[in-house]
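Read the structure below first, then the notes.
The values are calculated or read from the model by the stated rules, or taken from the named source; none is laboratory data. Here the structure is a predicted model, which means the values were calculated and not measured. Every residue, glycine among them, receives a Cβ derived from its backbone with ideal geometry; neighbour counts consider all protein chains shown. Surface accessibility is based on the protein's heavy atoms, side chains included, excluding ligands, DNA and RNA. Shrake-Rupley method; radii C 1.70, N 1.55, O 1.52, S 1.80 Å.
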Amino acid sequence: MKRLFPILLIVFSSCTHHTYNWVQELESKNPLKDSTNYISVYFRFDTIINDFEVSGILYPYYSDKTGWSDIENGVRLFFRSCKTGKEYVWTDFDESCHCFRNVFMSKNVYDIVHSEGFSGFKNGDTYIFCYDTYQSENALNPFYPNAEYQFYDIDFDGDSELLLNYYHGGPKGGLMSEPYKITDTALVLITPIGDTSVFGFDENTTINPDNKTITNVLYSGMCEWGTYCYQYDEKGDLYPLYSVDSYLNLTQDSIISDTTFYK
C-alpha cells in the first residue's frame, strides 16, 4: 500500500470547541468544495483527546452496484493542538492520480450508512462523530478498535504517538492503525528500518515495553499467516527482529513454519 505523508498547517488559535463556526472553517479548507466529482461531508468529534481537537471532511464513495461504502472512503483529517494551536493535516488524496485511495475506516460512517432511514450523503452534510473507547475483553493490547484515531507511546520514549486507522485490504482486509510521530513541523510516518512489509497495529498486535518489541500477526489467507517482530534499539530506531512465515499443510495435517532472524 502506498503511504502518503501529511502536511502541516500552523494556526494561531486555541481550541474553541463549541464557539467557532466549525463547518464554515472546514469549508474554507476544502479544496474540493466546488468539485462536481466529489461530495463533501463535514464532521467533528465530540471529545477532545490528548489535547487534540479533531475534525474532518469525508469524501464518501458510491457505486451503482454496491451503494454507499461503509468502510472505504476518502478523507481529510485536521488535528488541532489545544496547547500550541498548530494544526496537522492528513489525507489519503493521491496527487499522482488526483484521487482518493479510499482507505479511511470509520465506525461512525459505518453506523450512519446502516442507520434506519439513511438515504445517502449530500454535499454539505454535517455530523458530530462519537469517539468510541470500546475495548475487547480478549484484546492483546490497550487500543480502541472502533476509534478512528488514538494516541499511544508505541516507541517507548514517554511521548504519545498518533495511531490513525486505515483499511489495509488483502485477503483478510480490515482495520489497521498506522503510527505517526508528532513533531514540531509535521506528522512523520513511523516505519521499521530496512523493512518493506506492511507495518501497523491491529487486534493481533502485542506490545512489550520491557524489551521494546512490537509483534504483529498478519494473515494472507485462511491457512497462511506471518508473525513479525520489531524492536527499538538504544538509539530509538525501529528494526525488524525476526519473522515467522507459517501455513497449514493439509496433506501432512501439520503447520509448516519458516523463521528468519534479522539481528
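Here are the numbers:
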read-out	value
Test: E137 is within 30 Å of I207 (Cβ to Cβ) and at pLDDT 95 or above	no
Only one of K212, K235, K263 that is on the phi > 0 side of the Ramachandran plot and open to solvent by 20 Å² or more (accessible area, probe 1.4 Å)	K212
Any hit, region 149-159, residues being among the aliphatic types (A, V, I, L, M), in a loop (DSSP other than H, G, I, E, B) and modelled with pLDDT under 95	yes
Residue match in region 134-144 (condition: buried (at least 18 other Cβ atoms within 10 Å of the Cβ), without any contact (Cβ under 8 Å) to a residue 60 or more places away in the chain, of a type in the set (S, T, Y) and under 18 Å from Y62 (Cβ atoms))	no
Single condition N37 does not satisfy, out of (1) more than 27 Å from K181 (Cβ to Cβ); (2) modelled with pLDDT of 95 or more	(2)
Residue within region 86-109 that is open to solvent by less than 20 Å² (accessible area, probe 1.4 Å) and at positive phi present	no
Residue that is at pLDDT 95 or above, open to solvent by less than 60 Å² (accessible area, probe 1.4 Å) and not in a loop (DSSP other than H, G, I, E, B), where the choices are L164, L77	L77
Pair list, Cβ under 9 Å, 6 or more apart: region 228-249 residue farther than 15 Å from D210 by Cβ, other residue small (G, A, S) and not in a strand (DSSP E or B)	Y228/S197; Y239/G194; P240/G194; P240/S197; S243/S197
Considering residues of region 23-66 that are among the small types (G, A, S) and surrounded by 12 or more Cβ atoms within 10 Å (Cβ to Cβ) only, the residue nearest to G117 (Cα to Cα)	S40
